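Just so it is clear, none of the values below were taken in a lab; they were calculated from the coordinates. Computed from a predicted structure; not experimentally measured. With ideal geometry, Cβ positions are generated from the backbone for all residues, glycine too; neighbour counts draw on all protein chains shown.
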């Protein structure tokens, strides 16, 4: 059985990376997987009633610098992504986080073109 997981990745300054993912099984249980990028060997199971706590933990991961990569299919009991096309070190450029299409992009370099950086 495979479950769809929300995947988050933290890339260290040296280029190595670690990942954290969570997914909900059909029976409602929530599984959290974590480990070195591409090899989520560690896992923990939580009851469906802990959904709020898991959602808060995902937000906390983003505040710590983890980047939401997307959803991935992981086979139950398998430490490696079943459909992963990412290497163990860095995500491919196509998966880098981009501004949302409905959110206007503001080039902050244009805010103060004379370079005085008054607001920064």
Run the simple label-point estimate for residue 36 and residue 73 please: 7 Å along Cα→C-beta, distance reported in nm.
2.6
Treat the count of other C-beta atoms within 10 Å as a stand-in for reagent exposure and order 54, 74 from fewest to most.
54, 74
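Most exposed first by the Cβ proxy, i.e. fewest other Cβ within 10 Å, how do 25, 63 rank? Please report the intermediate quantities before stating the final value.
Numbers: 25 13, 63 7.
Ascending Cβ contact count within 10 Å gives the list 63, 25.
For the residues 9, 59, what sequence is obtained by ranking on other C-beta atoms within 10 Å, fewest first?
Working: 9 22, 59 9.
Placing the least packed residue first, the sequence is 59, 9.
Can you tell me the equivalent ellipsoid semi-axes for the stretch 2-86? Use √(5λ) from the Cα gyration tensor, largest first, whole Å. Provide the component values of the computation, followed by the final result.
Details: eigenvalues 81, 51, 18 Å².
In descending order, the three semi-axes are 20, 16, 10 Å.
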